[in-house]
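Student: Take a look at the following structure, please.
The values are calculated or read from the model by the stated rules, or taken from the named source; none is laboratory data. None of these values were measured; they are calculated from a predicted model. Cβ sites come from the backbone with ideal geometry, for glycine too, and all protein chains shown count toward neighbours.
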């Protein structure tokens, strides 16, 4: 999923003031990279969870809802919001509709912001859910 | 104490339901009904009740029993609509209901909590009560299923 999102976002925001980095948003010198590199879009590693949806009495056939979660983060200057910020947010949100993302019955994106000093941290949480059967 | 303990998902310990043809000349094949969510064994005696002038309470006597197995089933295409080459297996659960086929059922209740092999209920009946349903929140077909029993259970 991370690779798919990176490919989509790299194409979507080409020609804007923002860029997509292949780097993971690890902590460098005590702070996440995105706090040091403004206007760079960071895509984190996929997180996967499984929740039983339908339990059955026998050893096969249990239906499980598997959710792949990925977090995308971008930081901008909060004092002067970049002119393309709103467009960027919409472009990143639309990544859930990338035709390359197949096999999932539910796709959603949650956007949240918080302030870190003079920085506006915008976080996108993508959730992709599909049903799998334990055979 | 030895509780009946059909550990879900443990092969050889779990509850199983097997169906075969109940005809005088049986159709070939066996259907093992997998993906059961729950099972209820109904054995309800009818009761004849009367009153007497010399009794302060009603008197009752048990008469005949109405027996059935009630379950909920996650639909597997092969099991529900039939597969294979044997006539009985080709019917599937849906065909057994549609064609009003008499079936022999064998319900293994599961091992006991002490690890001893458990009991099996057998009998004859008809598949009925199918009502497959699906929703966007749970996009997997699930159906109730009842085997209405003709005659008595046998416990072995």
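Student: Restricting to the stretch B:27-41, what's the tally of residues that are touching a strand residue (DSSP E or B) at 6+ places or on another chain (Cβ under 7 Å) and surrounded by 14 or more Cβ atoms within 10 Å (Cβ to Cβ)?
Tutor: Within the stretch B:27-41, residues that are touching a strand residue (DSSP E or B) at 6+ places or on another chain (Cβ under 7 Å) and surrounded by 14 or more Cβ atoms within 10 Å (Cβ to Cβ) number 9.
Student: Do any strands (runs of 3 or more DSSP E) entirely within the stretch A:15-123 hold 2 or more residues that are out of contact with any strand residue (DSSP E or B) (no Cβ under 6 Å at 6 or more places or on another chain), and if so, which?
Tutor: Ranges flagged: A:106-116.
Student: Consider only pairs whose beta carbons are under 6 Å apart and that are at least six residues apart or on different chains; among these, list those whose first residue lies in the stretch A:97-115 and is closer than 12 Å to residue A:4 by Cβ and away from chain B (no Cβ under 14 Å) and whose second residue is modelled with pLDDT of 90 or more and surrounded by 11 or more Cβ atoms within 10 Å (Cβ to Cβ).
Tutor: Once the first residue is closer than 12 Å to residue A:4 by Cβ and away from chain B (no Cβ under 14 Å) and sits in the stretch A:97-115, its partners that are modelled with pLDDT of 90 or more and surrounded by 11 or more Cβ atoms within 10 Å (Cβ to Cβ) give A:98/A:8; A:100/A:4; A:101/A:4.
Student: Would you check which residues across the stretch B:109-132 are touching a residue at least 60 places away in the same chain (Cβ under 8 Å), part of a loop (DSSP other than H, G, I, E, B) and either away from chain A (no Cβ under 12 Å) or in contact with a helix residue (DSSP H, G or I) (Cβ under 6 Å, 6 or more places away or on another chain) (or both) and list them?
Tutor: Across the stretch B:109-132, the qualifying residues are B:111, B:113, B:114, B:116, B:118, B:119.
Student: With respect to the numbered conditions (1) under 20 Å from residue B:149 (Cα atoms); (2) in contact with a helix residue (DSSP H, G or I) (Cβ under 7 Å, 6 or more places away or on another chain), which one is the sole condition not fulfilled by residue B:28?
Tutor: For residue B:28, the failing item is (1).
Student: Among B:106, B:135, B:97, which is crowded, with 16+ Cβ neighbours inside 10 Å and either within 14 Å of chain A (Cβ to nearest Cβ) or in a strand (DSSP E or B) (or both)?
Tutor: B:106
Student: For the stretch B:69-88, which residues satisfy the criterion of being surrounded by fewer than 22 Cβ atoms within 10 Å (Cβ to Cβ), under 23 Å from residue B:28 (Cβ atoms) and out of contact with any helix residue (DSSP H, G or I) (no Cβ under 7 Å at 6 or more places or on another chain)?
Tutor: Answer for the stretch B:69-88, where residues must be surrounded by fewer than 22 Cβ atoms within 10 Å (Cβ to Cβ), under 23 Å from residue B:28 (Cβ atoms) and out of contact with any helix residue (DSSP H, G or I) (no Cβ under 7 Å at 6 or more places or on another chain): B:76, B:77, B:78, B:85, B:86, B:87.
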